[in-house]
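The values are calculated or read from the model by the stated rules, or taken from the named source; none is laboratory data. Given the structure is predicted, the values throughout are model-derived calculations rather than measurements. Don't worry about glycine lacking a Cβ; one is built from the backbone with ideal geometry, like all the others, and counts go over all protein chains shown. Heavy atoms of the whole protein, side chains included, go into the accessibility calculation; ligands, DNA and RNA do not. Shrake-Rupley method; radii C 1.70, N 1.55, O 1.52, S 1.80 Å.
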Amino acid sequence: MNSRLLIAADAEAYRNLRLEALQNNPEAFGSSFEEEKDNPIELFASRFESQGSFTLGVFDHEQLVGVATLVRESKLKLKHKASVFAVYVSPKKRGLGIGKRLMVEVINKARELKGVEQLHLTVVSTNASAKGLYSSLGFEVFGTEKRALKIDQQYFDEDYMALYL
C-alpha cells in the first residue's frame with residue numbers, strides 16, 4: 001500500500017469512497033449521502049486544488065481505501081490552527097493500520113505548515129476505536145457537544161479533540 005496527497009485526477013475514486021463512507025457510517029460525518037450523491041466530479045476535483053486544504057489517500061494497488069483531510073484556518077487570528085476532517089477507511093481494510101498511517105501523515109503535514117500549532121477534530125463520542133487511535137497519537141478531549149448530529153430521530157454526541165504540536 002502507498003499513500004500520497006490526492007490530486008484532481010483522483011476525484012472519481014475519492015467520490016466513490018466518500019459516498020461509501022456516508023452510507024456505511026452516516027453518524028461519523030456532518031454531510032449525508034443524500035446531500036452529496038449528486039455532486040459533480042468537478043466539485044471533488046476542485047477541493048484537491050484549493051489552498052490550505054490537503055487530502056491524503058492510501059491506495060491498495062490502484063484502489064483508494066482510506067482518506068483524511070487537513071484544513072488550515074485562513075483568518076489571521078486562527079492561522080495557528082488546522083482541523084482534520086473526513087477520516088475514513090473502507091471496512092474491508094480496517095485493522096491494518098491504515099487509519100493510524102493517515103493520521104500520522106496528517107500530523108506530519110500539519111507540522112510542515114508554518115505557524116500551525118494545534119490540530120482539532122471531532123469524533124462521535126461512542127466511536128471507541130477512532131477515539132482510541134486519536135488519543136494514542138496525543139489528541140485530548142476538551143469538550144463534548146450533546147446532540148451534535150441528528151439522523152432521523154437519533155442523536156449523536158461529538159467529542160472535540162485537540163493535539164498541540
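Looking only at helices (runs of 4 or more DSSP H) that lie completely in the range 1-94, which have at least 2 residues being polar (S, T, N, Q)?
Numbers: elements: 11-24, 33-36, 41-47.
Fully inside the range 1-94 and qualifying: 11-24.
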Only one of (1) farther than 26 Å from V116 by Cβ; (2) basic (K, R); (3) free of Cβ contacts under 8 Å to residues at least 24 places away in the same chain does not apply to K77, and that is (1)
Looking at L119, L163, which is the one that is in a strand (DSSP E or B) and over 27 Å from S32 (Cβ atoms)?
-> L163
Which one of V84, V124 is in contact with a strand residue (DSSP E or B) (Cβ under 7 Å, 6 or more places away or on another chain), hydrophobic (A, V, I, L, M, F, W, C) and over 29 Å from A9 (Cβ atoms)?
-> V124
Among residues of the range 135-151 being assigned to a loop (DSSP other than H, G, I, E, B) and at negative phi, the residue least open to solvent (accessible area, probe 1.4 Å) is F139
How many residues does the range 108-127 hold that are of a type in the set (A, V, I, L, M) and over 18 Å from D159 (Cβ atoms)?
-> 3
All but one of (1) touching a helix residue (DSSP H, G or I) at 6+ places or on another chain (Cβ under 8 Å); (2) without any contact (Cβ under 8 Å) to a residue 12 or more places away in the chain; (3) acidic (D, E) hold for D159; which doesn't?
-> (2)
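Step by step: first the residues of the range 17-33, then only those that are out of contact with any helix residue (DSSP H, G or I) (no Cβ under 8 Å at 6 or more places or on another chain) and modelled with pLDDT of 95 or more, then the one that is nearest to V65 (Cα to Cα). Which residue is that? Before you say what the answer is, go through the steps one by one.
Looking only at the range 17-33, we keep the residues that are out of contact with any helix residue (DSSP H, G or I) (no Cβ under 8 Å at 6 or more places or on another chain), and these are 17, 20, 25, 27, 30.
Filter once more, keeping what is modelled with pLDDT of 95 or more: 17, 20.
On the way: L17: 7, E20: 10 Å.
Ranking the qualifying residues of the range 17-33, first place goes to L17.
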Scope the range 113-134; condition surrounded by fewer than 13 Cβ atoms within 10 Å (Cβ to Cβ) and either hydroxyl-bearing (S, T, Y) or under 15 Å from the mean Cα position of the chain (by Cα) (or both); matching residues = T126, S129
Kindly list, by first and then second residue, each pair from a residue in the range 130-154 that is under 15 Å from P26 (Cα atoms) to a residue that is of a type in the set (F, W, Y) and open to solvent by less than 80 Å² (accessible area, probe 1.4 Å), limited to pairs with Cβ atoms under 6 Å and residues at least 6 apart or on different chains.
-> L149/F156
Could you tell me whether any residue of the range 152-159 is part of a strand (DSSP E or B), touching a His at 6+ places or on another chain (Cβ under 6 Å), modelled with pLDDT of 95 or more and within 20 Å of A21 (Cα to Cα)?
-> no
Pair list, Cβ < 9 Å and 6+ apart or interchain, from the range 1-25 residues that are touching a residue at least 60 places away in the same chain (Cβ under 8 Å) to residues that are surrounded by fewer than 20 Cβ atoms within 10 Å (Cβ to Cβ) and among the β-branched types (V, I, T) = N25/V124
